[in-house]
1. Can you tell me which of ILE46, ILE5 is surrounded by fewer than 19 Cβ atoms within 10 Å (Cβ to Cβ) and touching a residue at least 60 places away in the same chain (Cβ under 8 Å)?
2. Kindly list the number of the only condition in (1) in contact with a helix residue (DSSP H, G or I) (Cβ under 6 Å, 6 or more places away or on another chain); (2) closer than 22 Å to ASP32 by Cβ that fails for HIS61.
3. Going residue by residue through region 52-59, is there one that turns out to be touching a Gly at 6+ places or on another chain (Cβ under 6 Å), part of a loop (DSSP other than H, G, I, E, B), within 22 Å of SER8 (Cα to Cα) and touching a residue at least 40 places away in the same chain (Cβ under 8 Å)?
4. Please list, ordered by first then second residue, the pairs with beta carbon atoms under 7 Å, 6 or more apart or interchain, first in region 105-125 and farther than 14 Å from GLU83 by Cα, second among the polar types (S, T, N, Q).
5. Restricting attention to region 65-86, does a residue exist that is crowded, with 18+ Cβ neighbours inside 10 Å, within 26 Å of CYS123 (Cα to Cα), modelled with pLDDT of 95 or more and touching a Ser or Thr at 6+ places or on another chain (Cβ under 8 Å)?
6. May I ask you to say which residue of ASP32, ASP13 is at pLDDT 95 or above, charged (D, E, K, R), closer than 20 Å to ILE110 by Cβ and not assigned by TED's automatic domain parsing to the domain that holds GLU116?
7. Quick one: is LYS20 assigned by TED's automatic domain parsing to the domain that holds LYS119 and either touching a Ser or Thr at 6+ places or on another chain (Cβ under 8 Å) or among the charged types (D, E, K, R) (or both)?
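The values are calculated or read from the model by the stated rules, or taken from the named source; none is laboratory data. The shown structure was predicted, so the numbers you read here are calculated from the model rather than taken from an experiment. Cβ coordinates were reconstructed from backbone atoms using ideal geometry, including for glycine residues, and neighbour counts include every protein chain displayed.
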Amino acid sequence: MSTHIHTSQSQDDYLEAILKITNENGFCRSIDLANHLGYATSSVSIAVGKLIKAALIRRGHAGELLLTEAGQHIAESVYEKHEFFSNWLSAIGVSKEIAEADACRIEHAISDTSFEKLKVHICQF
C-alpha cells in the first residue's frame, strides 16, 4: 500500500477483530463483533459506521462486514504485531495473560518501521 492511513487504537482493535472473526467463522457480522469485543451492539454500530465512512470496511450482500484492501492491510499489520509480541513475551517467561495484555498495548504504540527493525533483530537470535 503506498499511502499510510492513520487509524485510532479503537479502529485498529475493530479491524483486527473483524480479521480474527472472519478467519475463524468465514464471515463477521456486527453481533459477532460485539460479542468478541464485549461491547454493546449500539457502540459497535456507531464504530462500524465510522469504519465504513473511512473506507476500511464495507457490508457484503448478506450484511456481513468485509475488510477493504486498506482495512485488510491495517488489520494484518496489527495482528502480526500482536502475535509477534505475545509470542515473544511468552517465550521469555511472561505469563500468557500479561503477554496478551502487553502485546495489545505495544501493537498500537510501535511504528511499522521500528517493528520491522525489532523483528529482524530479535529473529537473529
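1. Criteria check complete, one pass: ILE5.
2. For HIS61, the failing item is (1).
3. yes
4. ASP112/SER77
5. Within region 65-86, one or more residues are crowded, with 18+ Cβ neighbours inside 10 Å, within 26 Å of CYS123 (Cα to Cα), modelled with pLDDT of 95 or more and touching a Ser or Thr at 6+ places or on another chain (Cβ under 8 Å).
6. From the options ASP32, ASP13, the qualifying one is ASP13.
7. Against the criterion (assigned by TED's automatic domain parsing to the domain that holds LYS119 and either touching a Ser or Thr at 6+ places or on another chain (Cβ under 8 Å) or among the charged types (D, E, K, R) (or both)), LYS20 does not qualify.
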